[in-house]
Amino acid sequence: MGKFPLAHAVTDIRCENDSEAKVTYGRKATIAQLLATMVQSLLLVNVGMELAMATVVIGSLYKNPNAEFLITDSESSWYGSILYLCQPIGSCLSGYAQKHFGKKSCVVLACVPSIFGWILLFYANSVTMLYWSTITMGMGLGFNDGPAYSYIGEICEPRLRGIMACVVNMACLIGVLSSYGLSYVFHWKTVAAMNALCPVMCLTFVAFIPESPIWLLSKGRNEKAMDAICWLRGWVDPCVVATEYQELMFYYKTSVDQSKAIKASKGLFSSFSWIKSASVYRPLRLVTVYYVFTLISCLTPCRPYIVKLMYESGVKDTHSISLVLFGFMQLAGSVGLTLTVRKLGKRMLTLSTLCINTLAIFMFAVYFLCINSKLIETGAYVPMVLYSIIMFSGAMGMLTVPWTLVSEIYPNEAKGFASSLTTAIFYILTFSATKVYLSVENTLGLTNTFFMMAASSFVGFVYLYRNMPETENKTFMEIEEFFVPKKEQTSAELIPGSRAVC
């Protein structure tokens, strides 16, 4: 790509047809950003496989007289939830690793534990080994979500950022469908061995994509940052991306000024001082509440026990094919999100899918009530249709949109820490909800449990209707100004005459 001057000299570089007009990149830029996104997406395919594997294993071992060994109710709840408990440890460490070593280094830190986790699962012959395998996977899981989404947010143009984040979400659901589909054909240990190939492939391909340009700028590697931008914009010459380079430099400088305005201590936990900043705690609060209603409206606590839930709903002979159907419906919903997000926006998709899921959960509760009252007989049709609707609708909005927000709503200097903290909070909430679900169901019964979740989802609709902004096709500056309007910004957060970064 050749040498490129440092930041102070970038203004001297101009193309013959240079103007103040916004540069529009061509098809090659889209291809380059898609390639980088696909490599990162392999991480999320592996995440989907790991999340779905608990359902596969529990379905094979729970009260199955033909299984190699059995697991009890208590062991099932721990195995189904412990993956989420271990993730925050790796997630907090990934925030530090992103800042000091870059996003690509986090890929290695994510893949290695995952490979060992799959190996342990393949050789598991006791509940103890199941626990160790999921603990190992959980440690690697913490280095997946935050770095992947922040990387996508930093390398993509605003016109592609939402779509590429949806591609990453789709990758996770492809992983879920892959595990369910393979379990329909192969033994669960064979599925574990096949799934181990995914992190191996990711380790291989990550060497061919560039590091985040903004991270390179933060380390003073300006020439490499220019090379990365040229690669990501379709392998173009430096003069083509000179304007975007200047804007990235300005955006980075603004983020550094904000960082200096925050009194931080030294050490591993110094990043937690960012929580004091309105540009971090306000979007963090929104996404955390969003996650709570995502767990409820998408029936996430029920996922490890889908086989049990379907059996109690009347689906008694088609467990494996049901898992494949539900995985396919999730993937179809994610494809629908990718195709519609630019036109409809994230806010509209969130509210519409949350409304659909609330109604579907309410109808599920009415179905259970009718069965208990002996008004109707149990059957496979109704629960499979309702659960498929929840899977499709959730993947088209509530389940996936918050992850796209993570790549957009935080300031650059805090993005690594904030995105990792956000994913850690999500998995802590998921662990808590999954761990207590069986106790809640046993205490309240299926009918009352689903009525309670439908009511909670309605509350979520009201909250998000009042508080969620539209971020689609917005610049980072515009998104930050929603959470911290200019009149509230300090002199370090607002520099007159600034231009929004693209």
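Taking the empirical scaling 2.2 N^0.38 Å for compact globular proteins as reference, segment 380-420 has a Cα radius of gyration ratio of 1.77.
So if R0 is 45 Å, what FRET efficiency would Asn64 and Arg27 give, r being the distance between their Cβ atoms, rounded to the nearest 0.05?
So the FRET efficiency works out to roughly 0.30.
Could you give the length gained on full extension between Phe208 and Phe101, defined as 0.36 nm per residue of separation minus the Cα-Cα distance, in nm?
Working: separation 107, 0.36 × 107 = 38.52 nm, distance 1.72 nm.
Taking 0.36 nm per residue and subtracting the Cα distance, the gain is 36.8 nm.
Each Cα pair under 8 Å and six or more residues apart adds its separation to the average, and for segment 356-431 the resulting relative contact order is 28 percent.
Any of Lys99/Lys474; Lys219/Lys253; Lys103/Lys276; Lys104/Lys415; Lys103/Lys219 with alpha carbons more than 19 Å apart? Name them for me.
As for pairs spanning more than 19 Å Cα to Cα, those are Lys99/Lys474; Lys103/Lys276.
A Förster radius of 25 Å combined with the Cβ-Cβ distance from Arg159 to Ser456 puts the calculated FRET efficiency at roughly 0.10.
Atom-type composition of the exposed protein surface of the chain places 65 percent of the accessible area on carbon and sulfur (1.4 angstrom probe).
A simple spin-label model places pseudo-atoms 7 Å from Cα toward Cβ; at Val436 and Asn467 they are separated by 1.9 nm.
Using 0.36 nm per residue of separation minus the Cα-Cα distance, give me the extension gain between Tyr184 and Met129 in nm, one decimal.
Working: separation 55, 0.36 × 55 = 19.80 nm, distance 2.31 nm.
Roughly 17.5 nm would be gained on extension.
Quick one: grab the alpha carbon gyration tensor of segment 318-383, order the square roots of its eigenvalues as a ≥ b ≥ c, and give me rounded if a/c is under 1.5, else prolate or oblate depending on whether a/b is larger than b/c. In terms of gyration-tensor shape, oblate. Ranked by the mean number of other Cβ atoms within 10 Å per residue, highest first, peptides 321-334, 282-295 order as 321-334, 282-295.
By how many degrees, between 0 and 90 and to the nearest 10, does the Cα long axis of helix 73-101 differ from the longest principal axis of the chain? With both axes taken from Cα atoms, the answer is about 10 degrees.
At a 10 angstrom cut-off on C-beta neighbours, averaged per residue, how do the peptides 84-92, 338-346 rank from highest to lowest? Walk me through the numbers on the way to the answer.
Working: 84-92: 22.9, 338-346: 16.7.
Answer by packing, highest mean first, reads 84-92, 338-346.
Output the peptides 299-307, 182-190, 476-484 sorted from most to least packed, where packing is the average of other Cβ atoms within 10 Å over each peptide's residues.
Numbers: 299-307: 22.7, 182-190: 16.0, 476-484: 19.8.
So the order, starting with the most tightly packed, is 299-307, 476-484, 182-190.
A 1.4 Å probe run over the protein chains yields, for the chain, 41 Å² of accessible area per residue, whole-number rounding.
Under the definition of Cα pairs under 8 Å and six or more residues apart, what whole-number percent is the relative contact order of the chain? Could the numbers behind the result be given before it?
Details: 789 pairs, mean separation 123.3, N = 502.
Result for the chain is 25 percent.
Based on Cα contacts under 8 Å between residues 6+ apart, segment 170-250 shows a relative contact order of 17 percent.
The values are calculated or read from the model by the stated rules, or taken from the named source; none is laboratory data. Just so it is clear, the model here is predicted, and its values are computed rather than measured. Note: ideal-geometry Cβ built from the backbone for every residue, glycine included; neighbour counts use all protein chains shown. With ligands, DNA and RNA removed, areas are computed over all heavy atoms of the protein, side chains included. Shrake-Rupley method; radii C 1.70, N 1.55, O 1.52, S 1.80 Å.
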